[in-house]
Amino acid sequence: MLKVFMVEDKFEILDNLRNSIDWEANGYELCGEASDGELAFPLIQKLRPDILITDTTMPFMDGISLSRLVKKEMPWIEIIILSDEEKFEYAREGIRLGVAQYLLKPISGSELLAELDALGQKIMKHRQEREIIEGYQIGRRHFSRKLLTGSVSTAELLEDARQLGVELSAMWYNIILMTTQHPYSVSGEYVDCSQKMKELLQQWSVENQGHLLVFDRDLEGHILIFQGDSREELEYLQNDCMNLLKEHFTSGGRTYYFGGIGTPVNRLGKLPESFERASRAFSRRYFVSESQILDSEKLAFGTYANSKTIDIGSISPKQIDRGKIREFLKVGNVEETKYFVEEFLQGISDSDALKSDIFRQYIILDTYFCVVDFLENLQIERDGITLPDISSDMLQNVNGRVEKYLEDMIGKALEMREKAAGNRYGDILDEVMCYIDENYADEELSLNSAASHVNFSPNHLSAIFSQHTGQTFIKYLTDIRMNKAKELLRCTGKKSSVISAEVGYKDPHYFSFLFKKTQGMTPTQFRRGKSVEDNS
């Protein structure tokens with residue numbers, strides 16, 4: 001049921017419009033009224049109607065000013081402006097603001113209802129389009145995860161690609177990870193720069209006949225998968241694309257960018273290898289401040305030599321950047337811990353520092369105290385963070401042992417940070433689920449409106465919701481609506497079209513389609529007690 005809010009300073013006109021339409025019978029809820037824009041705006045912020053009907057000339061705040069505020073904060077609300085006079089400047093400003101209709105008074109209830117129904121169809125169409133887009137974006141996210149982890153067979157990858165309309169047919173592949181924000185930066189320009197990078201990549205892909213797939217990585221930037229018929233063509237394509245990005249982001253001002261190039265592979269099943277190498281190169285962004293695009297094949301990831309006597313006094317404290325560890329503990333990802341530790345130790349091992357047993361012990365102790373201090377500042381118990389027996393022979397003459405200890409300690413601390421954050425997100429998710437339970441019958445309910453309700457970005461809420469519930473927002477909402485629909489089908493004699501509206505679907509045909517898709521049978525078959533097996 002769509003919610004309507006009316007603003008009119010003349011009581012007789014407001015009373016006439018209120019009583020001339022059977023709101024509920026026509027699928028609307030008159031959720032609020034006000035006599036001027038100043039009184040209306042806080043109510044609109046709270047009630048969040050689907051449609052606003054407002055007069056133009058009112059005391060304190062006129063309809064145009066109110067519409068300007070509403071469209072700025074709640075752009076999805078459709079607005080109908082009513083006016084006593086046909087003023088061109090009002091109509092022109094209304095069009096500029098995105099007002100749906102500019103109508104002259106007097107207007108009858110039937111005329112207004114016709115305008116409302118036309119807007120209702122528009123709102124429903126936008127909702128269905130939004131659900132399709134959100135579902136497609138979620139599908140791409142899951143697909144990219146499968147590509148990069150090697151968790152499914154090549155046959156399943158190709159089938160998923162076909163359903164998503166993704167072209168995967170090349171002899172060679174390579175992955176590049178790209179971002180326009182330094183991990184320790186708090187710049188508010190990231191969203192604009194990231195969107196510009198995505199536009200440039202899409203334009204380049206079109207011009208080069210789809211040799212590039214781009215997947216969003218939320219705040220971590222973008223995943224680029226290049227495709228070519230030969231290794232030479234692949235390298236030419238990726239170099240051409242990277243040069244385009246460098247040229248754009250280094251001209252006309254300094255914008256940070258960073259990229260990690262993986263290793264070319266000649267089968268889909270080897271893409272995880274390319275992703276791992278790209279991730280290693282990408283992790284170097286924690287250690288540099290300048291823009292770079294690093295090729296993993298040109299980076300040296302060596303092992304540490306055996307212990308030998310060394311003059312500790314020759315080691316400069318500047319080689320040990322504890323700040324990098326502290327910053328990584330704040331913003332790093334668990335998946336990147338291994339690569340971060342490798343890069344951190346790589347900078348020290350260049351001077352033979354790690355060939356000293358005493359120095360290796362010092363590095364472990366120093367990292368341990370960094371981790372403990374970090375957890376205490378977050379008021380997290382240090383349980384689970386254990387210090388190895390550095391007085392034993394375990395650290396001596398064992399390549400990679402220090403690396404393993406650091407990786408375990410830092411990785412565990414990040415897991416504890418994420419768990420604590422998850423607990424803090426628990427209240428947010430409870431509020432979102434409560435919001436869904438209270439508003440599932442609202443056709444306008446979506447990821448965007450839920451995110452707005454808890455003051456989160458849609459992408460952030462989507463990631464948190466999926467991570468902590470194990471299902472997407474759309475799937476959760478659909479399950480709630482379908483379960484309520486099944487209850488109404490079994491426990492009432494209401495028509496399917498009525499039930500459709502009561503569970504948030506104004507279009508009964510779309511409701512029937514979705515019910516059969518999710519439940520394996522039509523609403524009529526379910527009401528008759530038919531099972532899925534009977535229907536198959």
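The label-point distance for Val372 and Glu431, in a model that sets each label 7 Å from Cα toward Cβ, rounds to 3.6 nm.
If R0 is 30 Å, the Cβ-Cβ spacing of Thr57 and Gln128 corresponds to a FRET efficiency of close to 0.25. For Glu235, the shell of other residues with beta-carbons less than 14 Å away shows a net charge of -4, using +1 for Lys and Arg and -1 for Asp and Glu.
For segment 109-155, what % of the accessible area comes from carbon and sulfur atoms, probe 1.4 Å? Roughly 57 percent, rounded to a whole number.
Taking R0 as 30 Å, what's the FRET efficiency between Arg326 and His142 from their Cβ-Cβ distance, rounded to 0.05?
Details: r = 34 Å, r/R0 = 1.13.
It comes to 0.30.
In order along segment 460-466, the Karplus-derived 3J(HN,Hα) couplings, from 6.51 cos²θ - 1.76 cosθ + 1.60 at θ = phi - 60°, round to 5, 5, 4, 5, 5, 4, 5 Hz, and Gly and Pro are given as x. Here the simple spin-label model places points 7 Å from the Cα toward Cβ, and for Asn266 and Glu233 these points are separated by 1.5 nm. For every other residue with a beta carbon closer than 13 angstrom to the beta carbon of Gly32, add +1 if it is Lys or Arg and -1 if Asp or Glu, then tell me the sum. Net of charged neighbours comes to 0.
For the pair Asp240 and Lys72, how long in nm is the line joining their label points, each one 7 Å along Cα→Cβ? Each label point lies 7 Å from its Cα, and together they span 4.6 nm. Residues of segment 148-164 falling in the label zone of Arg217, defined by backbone nitrogen less than 16 Å from a point 7 Å along Cα to beta-carbon, are 148-150. Taking 0.36 nm per residue of separation and subtracting the Cα-Cα distance, full extension of the segment from Lys404 to Thr524 would add 37.1 nm.
Full extension of the chain between Ser108 and Thr154 gives 10.3 nm of extra length, using 0.36 nm per residue less the Cα-Cα distance. Among the listed pairs Lys196/Lys246; Lys125/Lys494; Lys122/Lys475; Lys330/Lys419, those whose Cα-Cα separation exceeds 19 Å are Lys125/Lys494; Lys122/Lys475. All alpha carbon pair distances within segment 425-491 were sorted into 5 Å bins beginning at 0; the resulting P(r) in whole percents reads 3, 17, 30, 25, 13, 6, 3, 1.
What FRET efficiency comes out for the pair Leu164/Gln361, r = Cβ-Cβ distance, R0 = 51 Å, nearest 0.05? Don't skip to the answer; put the middle values down first.
Working: r = 52 Å, r/R0 = 1.01.
The calculated FRET efficiency here is 0.50.
The values are calculated or read from the model by the stated rules, or taken from the named source; none is laboratory data. Because the structure is predicted, anything quoted here is derived from the model rather than measured. Please note: Cβ atoms are built from the backbone with ideal geometry, for glycine as well, and neighbour counts cover all protein chains shown. Areas reflect the complete protein model, heavy atoms only, side chains present, ligands, DNA and RNA absent. Shrake-Rupley method; radii C 1.70, N 1.55, O 1.52, S 1.80 Å.
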